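The values are calculated or read from the model by the stated rules, or taken from the named source; none is laboratory data. What you are looking at is a predicted structure, and each value in this text was computed from that prediction instead of being measured. Cβ atoms come from the backbone with ideal geometry, glycine included; neighbour counts cover every protein chain shown. Note: areas computed on protein heavy atoms with side chains; ligands, DNA, RNA excluded. Shrake-Rupley method; radii C 1.70, N 1.55, O 1.52, S 1.80 Å.
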Amino acid sequence: MRHKSFFFALILVACESPDPETSTTSVTGSENCAQVPYYRDADADGFGTPNEQVASCTRPSGYASNSDDCDDSDPDTNPNSRWYRDDDGDGFGDDDQEILQCDGPIGYVLVAGDCDDTEPTINGDTIWYKDADGDTYGDPNNTYEGCNTPADFVLDSTDCDDTNDLVSPDSIWYADADADGYGDPTISITQCDASAGHVADNTDCDDGNIDAYPGATWYLDSDADGYGTPAFPLVQCEEPVGFVADKTDCDDFNPSVNPGTLWFEDLDGDGFGNPAVSIAQCVAPGAHVTNDEDCDDTNDALSDNTVWYTDGDSDGYGSAIAGSGCTGPALSVLTGGDCNDNNALFSPGQTELCDGLDNDCEVSSTEFETVSFETSGGTWTDESPVFNSGTQVLPAAWSSSVAGTLHVCEGEYRVQLDLTQDIVIAGAGELLAIFNGSGARTILNVAGANVEVHGMTLKNGDANPSAGGLVSVNNGTVRVADSNLTGDTSWTTSVFVENNSTFTLERSIIRASANTGLIADASEVHLVNSEITGNSFGSVFASNGSLVTLTDSLIHNHNVLTATARMSASDFICTATTVGTFGFIDNHSTLPGGTFEFIDGATLTSNGCDWGSGIDDNSIDDFELSNVVFNYENDANFTCDATSQSCVP
């Protein structure tokens, strides 16, 4: 706004006698009034122009009493005019730089109020625009006119959205072809308003896929059916291989099961559905299947795809396919899988036996933990339920009223056997077939019967003082071959042989008994290619006319108080028939007589047996007779007699 100063001169009319040198006489006034000059004041600013004057006793209208006006056409230009310095040439001068004179100097203007005389765009007429979002671009519809800059206003008026600092004429908009809200960084325009199909974001990794964008969640699609499982999400922009945007699969391991799966009603539960009744969903509804090939949904055995099998042995199981359909050919059955259609003893309905044959026609089945009994007449029975019923506290009990063979396949069985019939126990191998007494009972009780044990481990038995923890034989014969007798916790011995019994150990071992390895009472014990070792109270105790023989066998590694072997009125014969370490070595006692103790006429014969030397020698000595110490070395031949208290040689 312009500010103009108007000065009005006080016009004095004098009635005194005029000065004859400066006055004239008014032609219209009183002849008694002195006339003075008046100057034309066309712009009515109180200052007249010297170029136009009249003489009058009084000031005429439109005249001034002075002639000081330098521009009588502009009321703002007179001797009282204030001129302001205008360095930026915007028509507004600096209030602090003014000149009082009639003619305006160059670079000066009559209008003051310039708050920044170095910037021509800033002055009293400047229009400022509201910049509410602080992006330096103003709102053309929200203005303020003035020199000084108000807060949050700018000179620019090109903002199209003053509520969003991200939107301005410099805004870059990116093509969003897939309309997912994320733009393609390679296709952009610069303008204030966003064009259709453009967004401010430029982080889209695939602008042709609406599901691919930063922060997108993908779901594993293991079965590649186009539906993902919500259990395995992955957050990233690009679609990973094997993942999809969908998360509605209820079975991601079956491509035929998803939200688009069509289920057919299966009222008879045969796995074939009625093609006339269906529903589409992911989870199978009750009594529905994906198959639609049932020709009779009231009969679970029949469908269009029912397969019929030829049953050559009439055991109810077929082998070769005879045909398919709702009805089958003659001599055909609905159940296949017969592995021997010429023998009714082999079929899927048979029980698997421990016989090395595929009784149940299941190739994948094994004979693990299978025990079978074969009578001497060739009849087989499955004894597995009994043998597998034992617990760690209470072993199972098994016996037989007839003779036969007990076939024991791989497994560990907690069991006690009471045998009064001639039985052969055929195990799968000492490391595979194991009888475990659970530390509670004697494992093998034999009374008046002939029993053979092959390929077994007997362990963790227990018994009262008159029985063996692993084996007890009363008036019977037991032969143990290729087996392992170990870990007995009984009061007396692992093996107890009594009452005219015979016990033979071949290619086997008795070890780690908590008491004595073997006790014979009025019986015979024969060790052939076997060992007795590591028993807490010695190896062999024999009494009452017993006979103990060692043939190519070894008794070793005992640490006892008195003697490793104790003989009372019994005979002990040790024989080595081949080259090797056989006999008594590395046995130790606290008292003299480390290996043998002779009582009541016992005899000892060594036929080439080893008695230790050097680091594997027996200690304190081999044995004593009449306070005479006897120590033999390896491959020794001698005979000792407790009655004569002597050894020869």
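Using the reciprocal of the averaged 1/r over all distinct C-alpha pairs, how large is the Kirkwood radius of region 582-633 in Å?
Numbers: mean 1/r = 0.0895 Å⁻¹.
Taking the inverse mean of 1/r over all distinct Cα pairs, region 582-633 comes out at 11.2 Å.
Work out the charge dipole of the chain with +1 on the Cβ of Lys and Arg and -1 on the Cβ of Asp and Glu about the Cα centre, then indicate which of 529, 456, 46 is farthest towards its positive end.
Ranked along the dipole, the leading option is 529.
What is the Cα coordinate range of the chain on the first, second and third principal axes, sorted by size from largest, in whole angstrom?
202, 86, 39
For region 446-589, report the accessible area per residue in Å² (1.4 Å probe, heavy atoms, rounded to an integer). All intermediate terms of the calculation are to be shown ahead of the outcome.
Details: 4540 Å² over 144 residues.
Using a 1.4 Å probe on heavy atoms only, each residue of region 446-589 averages 32 Å².
Amide H to amide H under 5 Å from residue 142: which residues, 5+ apart in sequence or cross-chain, H placed 1.01 Å off N in plane?
Hits under the 5 Å cutoff: 130.
Assigning unit charges at the beta carbon (Lys, Arg +1; Asp, Glu -1) and nothing else, what dipole magnitude in debye, to the nearest 20, does region 545-637 show about its Cα centre? Walk me through the intermediate numbers first.
Working: 1 positive and 13 negative charges, 44 e Å.
It comes to approximately 220 debye.
May I ask you to compute the full-extension gain from residue 466 to residue 547, defined as 0.36 nm times their residue separation minus their alpha-carbon distance, rounded to one decimal in nm?
Details: separation 81, 0.36 × 81 = 29.16 nm, distance 1.95 nm.
Result: 27.2 nm gained on full extension.
Could you give the length gained on full extension between residue 296 and residue 379, defined as 0.36 nm per residue of separation minus the Cα-Cα distance, in nm? All intermediate terms of the calculation are to be shown ahead of the outcome.
Values: separation 83, 0.36 × 83 = 29.88 nm, distance 4.39 nm.
Once the chain is fully extended between residue 296 and residue 379, it gains 25.5 nm.
How are the C-alpha pair distances of region 113-161 spread across 5 Å bins, as whole percents from the shortest bin up?
Each 5 Å bin holds this share of Cα pairs: 5, 27, 30, 20, 13, 5, 1.
Counting Lys and Arg as +1 and Asp and Glu as -1, each charge on the Cβ, what is the dipole of the chain about the Cα centre in debye, to the nearest 20?
Numbers: 15 positive and 113 negative charges, 1206 e Å.
About 5800 debye.
Counting only the heavy atoms of the protein chains, how much of residue 526 is accessible to a 1.4 Å probe, in Å² to the nearest 10?
Looks like 40 Å² after rounding.
At a Förster distance of 35 Å, what's the computed FRET efficiency of residue 254 paired with residue 320, Cβ-Cβ distance as r, to 0.05? Before the final figure, lay out the partial values.
On the way: r = 31 Å, r/R0 = 0.88.
My answer for the efficiency is 0.70.
At a probe size of 1.4 Å, how large is the accessible area of residue 399, to the nearest 10 Å²?
Here the residue's solvent-accessible area equals roughly 70 Å².
Counting helices only, and only those DSSP H runs with n ≥ 4, report the 222 nm mean residue ellipticity of the chain as the sum of -39,500 (n - 2.57) divided by its residues, in deg cm²/dmol to the nearest 500. Present the calculation step by step, with values, prior to reporting the outcome.
Working: 1 runs with 4 residues, N = 649.
For the chain, the value works out to 0 deg cm²/dmol.
In the chain, what percent of the accessible surface is made up of carbon and sulfur (1.4 Å probe, ligands and nucleic acids excluded)? Kindly include the intermediate steps, with their values, before the conclusion.
Numbers: 15690 of 31060 Å².
Taking all protein chains in place, the chain shows 51 percent carbon and sulfur surface.
About the Cα centre, and with charges only on the beta carbon of Lys, Arg (+1) and Asp, Glu (-1), how big is the dipole of region 36-148? Nearest 20 debye, please.
Details: 5 positive and 29 negative charges, 175 e Å.
Its charge dipole is roughly 840 debye.
Where the convex hull is taken over the Cα atoms of region 284-328, what is its projected area averaged over directions, in nm²?
On the way: hull surface 16.0 nm².
One quarter of the hull surface, i.e. the mean projection, equals 4.0 nm².
Show log10 I(q)/I(0) for region 359-490 at q = 0.09 Å⁻¹, two decimals, from a solvent-free Debye sum over equal Cα scatterers.
Values returned for q = 0.09 Å⁻¹ are -0.23.
Could you give the nm distance between label points at residue 401 and residue 591, where each point is 7 Å from its Cα heading toward the beta carbon?
Once both label points are built, they end up 5.2 nm from each other.
Roughly what % of Cα-Cα distances in region 84-129 sit above 15 Å, to the whole percent? Numbers along the way, then the final one.
Values: 348 of 1035 pairs.
Of all Cα-Cα pairs in region 84-129, 34 percent lie more than 15 Å apart.
Write out the chymotrypsin sites (Phe, Trp or Tyr not before Pro) in region 46-101 meeting two conditions: DSSP loop, and at most 16 other Cβ atoms within 10 Å of their Cβ.
Details: sites: 47, 63, 83, 84, 92; in loops: 47, 92.
Qualifying residues, ordered by number: none.
Hey, if you drop one equal point scatterer on each alpha-carbon of region 425-474 and run the Debye formula without solvent, what base-10 log of I(q)/I(0) do you get at q = 0.18, 0.20, 0.29, 0.31 Å⁻¹?
-0.56, -0.67, -1.07, -1.12
Which Cα, out of 56, 89, 70, lies furthest along the positive dipole direction of region 39-99 (beta carbon charges, K/R +1, D/E -1)?
56
Of 111, 126, 136, which is farthest towards the positive pole of region 91-166's charge dipole, taken about the Cα centre with +1 and -1 on the beta-carbons of Lys, Arg and Asp, Glu respectively?
Going by the charge dipole, the pick is 111.
Quick one: compute the contact order of region 523-649, relative version, from alpha carbon pairs under 8 angstrom and 6+ residues apart, as a percent.
Details: 386 pairs, mean separation 25.8, N = 127.
This gives 20 percent for region 523-649.
Need the C-alpha centroid separation for region 242-321 versus region 351-387, integer Å.
With region 242-321 and region 351-387 each reduced to a Cα centre, they are spaced 35 Å.
Tally the DSSP beta bridges in the chain and give the antiparallel ones as a percent, rounded to 5. The partial results should precede the final answer.
Values: 61 of 159 bridges.
Roughly 40 percent of the DSSP beta bridges within the chain come out antiparallel.
Using mean Cβ contacts within 10 Å as the protection proxy, how do 546-554, 625-633 order, highest first? Please list the in-between numbers first.
Working: 546-554: 22.6, 625-633: 14.1.
The most tightly packed comes first, giving 546-554, 625-633.
Between residue 561 and residue 388, what's the calculated FRET efficiency when r is the beta-carbon distance and R0 is 45 Å? Round to 0.05.
On the way: r = 42 Å, r/R0 = 0.93.
So, using R0 = 45 Å, E works out to roughly 0.60.
Can you compute the modelled spin-label distance between residue 98 and residue 363, with each label point 7 Å from Cα toward Cβ, in nm?
According to this spin-label approximation, the distance is 11.5 nm.
Averaged over all directions, how much area does the convex hull of the C-alpha atoms of region 218-300 cover when projected, in nm²?
5.4
Could you tell me whether region 17-172 comes out rounded, prolate or oblate from its Cα gyration tensor? Rule is a ≥ b ≥ c as square roots of the eigenvalues, rounded for a/c under 1.5, then prolate if a/b exceeds b/c, otherwise oblate. Don't skip to the answer; put the middle values down first.
On the way: a/c = 5.92, a/b = 3.89, b/c = 1.52.
Judged from the Cα gyration tensor, region 17-172 comes out prolate (a/c at least 1.5, a/b above b/c).
Could you rank 619, 438 by how accessible they are, 1.4 Å probe, largest area first?
Values: 619 40, 438 15 Å².
The residues order as 619, 438, largest area first.
In Å and on Cα atoms, what radius of gyration and Dmax does region 496-620 show?
13.0, 40
Express the relative contact order of the chain as a whole percentage, based on alpha carbon pairs under 8 Å and six or more residues apart in sequence.
Working: 1931 pairs, mean separation 23.1, N = 649.
Once divided by the residue count of the chain, the mean separation gives 4 percent.
If you take all C-alpha pairs in region 245-371, what percent of them are over 17 Å apart?
Above the 17 Å cut-off, region 245-371 has 67 percent of its Cα pairs.
Enter the Cα centre distance for the pair region 44-69 and region 449-490, rounded to the nearest angstrom.
157
According to a simple spin-label model (label point 7 Å from Cα along Cα-to-Cβ), what is the distance in nm between residue 177 and residue 224?
For residue 224 paired with residue 177, the spin-label model returns 2.7 nm.
In vacuo Debye scattering of region 150-263, one point per C-alpha: log10 I(q)/I(0) at q = 0.10, 0.11, 0.15 Å⁻¹?
With one equal scatterer per Cα and no solvent, log10 I(q)/I(0) is -0.46, -0.52, -0.73.
Pull up the DSSP beta bridges for region 496-649 and report the antiparallel fraction as a percent, rounded to 5.
Values: 12 of 61 bridges.
Around 20 percent of the beta bridges assigned by DSSP in region 496-649 are antiparallel ones.
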